[in-house]
Each structure stands twice: as structure tokens, then as C-alpha cells.
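Before any comments, here is the structure.
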Amino acid sequence: MNRSRGAFILFLAVLVLAPAGLIAQQNITMEKDIYVAAGETQDNVFSMGGNIVVDGRVKKSVIAIGGSITVSGEVGEAVVGLGSRILIKASAVIEGDVVSLGGSLEKEPGCTIRGDTVYFRASELTEKLFGRGFAGGLFSLAFVPIVLIFKLISVFLWLLAGLVLAALFPRQLALASGEVRRSFWPVFGTGFLAVVIFTALVIFAALLSLILIGIPILIVLIFAGLIFKIFGRVVVFYLFGESILRAFNAKRIAVLGAVLLGLLAVSVIDFIPFLGFLFTLVINIIGWGVTIRTKFGTTENMFRKGGAAVVKS
């Protein structure tokens, strides 16, 4: 009994602490207002509701939810704003993509953006989703079934998750995708076993919740399962997008672009009745399997003896 309890606690610890350790490894700065001064270098910058000013250098990505982003220095990968005001000054050099959803984007003449620019204004999003009032747009209850509404909302939420993970963890997504290509059936088998075990644990915790002792366990399990699902699904997005781009002989494959293209392909299949359900089930299993086998994309195969981590901060 003690051995089983210890194994169960260890399993929960791995579920919760693995992604936390990955984030810590990336040295992501999370503050309300962030200023990267000239001559200063940071790895990643992330802010919720605050203002980000980059006069120095950010090695990887700058991400804001709300607030603003002002870049006059250098960004090594992507600049992503969700409902943010983005200003790219003339002296700015951005090696990757600039993505603005639901906010504003201003680029001064002379700025350098070597990737793609994706921009949807708040008014455009509102018009496309709601049209003239809630009852006149894409979400009109008179024209769109309830199930379709939830699917559209789900696609939008996956879009946000894909943008954030592609900007913060491009190497991890690429490594995990490669593991699916190399070892599809071992990945699928690992994922299937993990989903079965996880489902059993959730049921067990739900039964314990009747006597209150299982409520904290159930909350931890739900949180851990959500993290596994999000990372694994975005890996599948990247896998599909990269495959499509390779099929068209793309010379340069950006992680962000591959994730967005994969999201589009997966979403189209997901809308097909019955087939979409089976497809979603399969990609969930693959996502769980590759997340476990690569430890969130930090090692080639955690089950291989002597396997070494390959992702560096």
C-alpha cells in the first residue's frame, strides 16, 4: 500500500513539476512592467496586462497579453501581442515573426522584420465573430448550431495556446515532433497507456471527492491533464504544419507558421462528424505519448538508457 501511494505521489509530482521546471529553464521574465535597457540581454519576456519596452536584446520571444510592446532593440525570435498595442520602432530588428491579435500594430519605416507579420485588429475580429450585434455575426444562434459555436471558440483558444508555445518553446516543439516521426507506435502506445491510467486516477479521485479527501487530488489531476493536453496538441499542430510545408518544398519553415498551418488542418478535420471525434482522440493520445517520452520536448527519449537532455536555455 505504501509503495503504491509513493508511486502515485511521484506520478503527480512529475505531472505538475515537469512543465514548471521547463518554464524555469527558459528564464522567462514575468512582471507587470518590463524594461530591457540598452546593452541588457534577456532570454524571454512575458507580461500580462503590463507594458514591455525593449531597447536592448531579447534572445528569444516577447509576448504580452494586454498592455503594450515597444521594441527599438533586437528580438531573436517572435513578438506576439494578444489584445496589445505593439510599436516597432525604426531601429528595431526582429529575426522572427510579429503577431498581433485583437490589438493594434504600428511599424515605423526602417524597422527590420525577417519573419512574417500577422495582424488582426480588434474591430476586424469583432466584426467577423459577431457582425452587427451578437445575433448578426458568425456566432449568430439563428445560423450556427451550438456545437459549432463551441468548436469555433475552441479553435480560437487553441490559436492562443499555439501562438504562446510556438513563441516560447520552438525548439521543444520541433524536438517532440521529431520523436513522433521516429517512433510513432511507441509514442502512441505510451500515450494510450497514459490516458488509461490518467482516466482511472480521475475516476478514483472523483470517488474520493465524495468524502472531501479527493478534491485536492482531483484539482491537481485536472490541472496536470490540461498542461499535458495543451503541449501535446500544439506538438501535433507543428507536426501537421511542417509536413504540409515540406510537401510544398518550403525552403524555410518557421515554427510559428507551421503551428498555425497545422492548427488550420487539424481544425478542418475536427469539424467532420464522427471522423473528427476519432481523429481528436488519436491526436490526444499521440500528444500525451510524445509529451511523456520527451519530457515536454527536453530530451530525445526519456525511456532510452542514458538519454541526455538536448534543449538548452
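A Cβ distance below 6 Å, combined with a sequence gap of six or more or placement on separate chains, defines the contacts here; from segment 230-257, residues that are in a loop (DSSP other than H, G, I, E, B) reach residues that are of a type outside the set (A, V, I, L, M) in the pairs ILE253/GLU242; ALA254/GLY115. Take ILE253 and tell me if it is in contact with a Leu (Cβ under 7 Å, 6 or more places away or on another chain) and either farther than 14 Å from GLY178 by Cα or modelled with pLDDT under 80 (or both). It is true that ILE253 is in contact with a Leu (Cβ under 7 Å, 6 or more places away or on another chain) and either farther than 14 Å from GLY178 by Cα or modelled with pLDDT under 80 (or both). Does LEU221 count as more than 30 Å from GLY96 (Cβ to Cβ) and free of Cβ contacts under 8 Å to residues at least 60 places away in the same chain? Here the answer is no, as LEU221 does not meet what is asked. Filtering LEU201, LEU193, LEU221 for residues that are surrounded by 13 or more Cβ atoms within 10 Å (Cβ to Cβ), within 25 Å of ARG293 (Cβ to Cβ) and modelled with pLDDT of 90 or more leaves a single hit, LEU193.
Each row is one residue, and each column tells you yes or no for (1) of a type outside the set (Asp, Glu); (2) within 23 Å of TYR238 (Cβ to Cβ); (3) more than 24 Å from the chain's Cα centre (by Cα); (4) at pLDDT below 90.
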position	(1), (2), (3), (4)
ALA90	yes, no, yes, no
GLY96	yes, yes, no, yes
LEU101	yes, yes, no, yes
GLU127	no, no, yes, yes
LEU152	yes, yes, no, yes
LEU160	yes, yes, no, yes
ALA166	yes, yes, no, yes
VAL187	yes, yes, no, no
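Is it the case that some residue within segment 83-95 is buried (at least 18 other Cβ atoms within 10 Å of the Cβ), closer than 24 Å to TRP158 by Cα and of a type in the set (D, E, K, R)? Scanning segment 83-95, I find no residue that is buried (at least 18 other Cβ atoms within 10 Å of the Cβ), closer than 24 Å to TRP158 by Cα and of a type in the set (D, E, K, R), so the answer is no.
Quick grid of which residues meet (1) farther than 15 Å from ASP116 by Cβ; (2) of a type outside the set (Phe, Trp, Tyr); (3) more than 17 Å from the chain's Cα centre (by Cα):
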position: PHE240; (1), (2), (3): yes, no, no
position: LEU245; (1), (2), (3): no, yes, yes
position: LYS251; (1), (2), (3): no, yes, yes
position: LEU261; (1), (2), (3): no, yes, no
position: ALA265; (1), (2), (3): yes, yes, no
position: PHE274; (1), (2), (3): yes, no, yes
position: GLY287; (1), (2), (3): yes, yes, no
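For the subset of segment 24-49 comprising residues that are at pLDDT 70 or above and of a type in the set (Gly, Ala, Ser), which member is surrounded by the most Cβ atoms within 10 Å (Cβ to Cβ)? The residue in question is SER47.
Tell me, yes or no, whether segment 197-214 has at least one residue that is of a type in the set (A, V, I, L, M), in a helix (DSSP H, G or I), under 22 Å from VAL234 (Cβ atoms) and in the same structural domain as ILE286 (by TED's automatic domain parsing). Looking through segment 197-214, none of the residues is of a type in the set (A, V, I, L, M), in a helix (DSSP H, G or I), under 22 Å from VAL234 (Cβ atoms) and in the same structural domain as ILE286 (by TED's automatic domain parsing).
Need pairs with beta-carbon distance below 6 Å; first residue of a type in the set (Asp, Glu) and within segment 282-296, second surrounded by fewer than 22 Cβ atoms within 10 Å (Cβ to Cβ) and at pLDDT 90 or above; sequence gap 6+ or separate chains. Within 6 Å, no pair qualifies.
Select from segment 52-82 the residues that are touching a Leu at 6+ places or on another chain (Cβ under 9 Å) and crowded, with 23+ Cβ neighbours inside 10 Å and list them in ascending order. Of everything in segment 52-82, those that are touching a Leu at 6+ places or on another chain (Cβ under 9 Å) and crowded, with 23+ Cβ neighbours inside 10 Å turn out to be LYS60, SER61, ILE63, ALA64, ILE69, VAL71, GLU77, ALA78, VAL80, GLY81.
The values are calculated or read from the model by the stated rules, or taken from the named source; none is laboratory data. Given the structure is predicted, the values throughout are model-derived calculations rather than measurements. Heads up, the Cβs are rebuilt from the backbone with ideal geometry, glycines too, and the neighbour counts pull from every protein chain shown.
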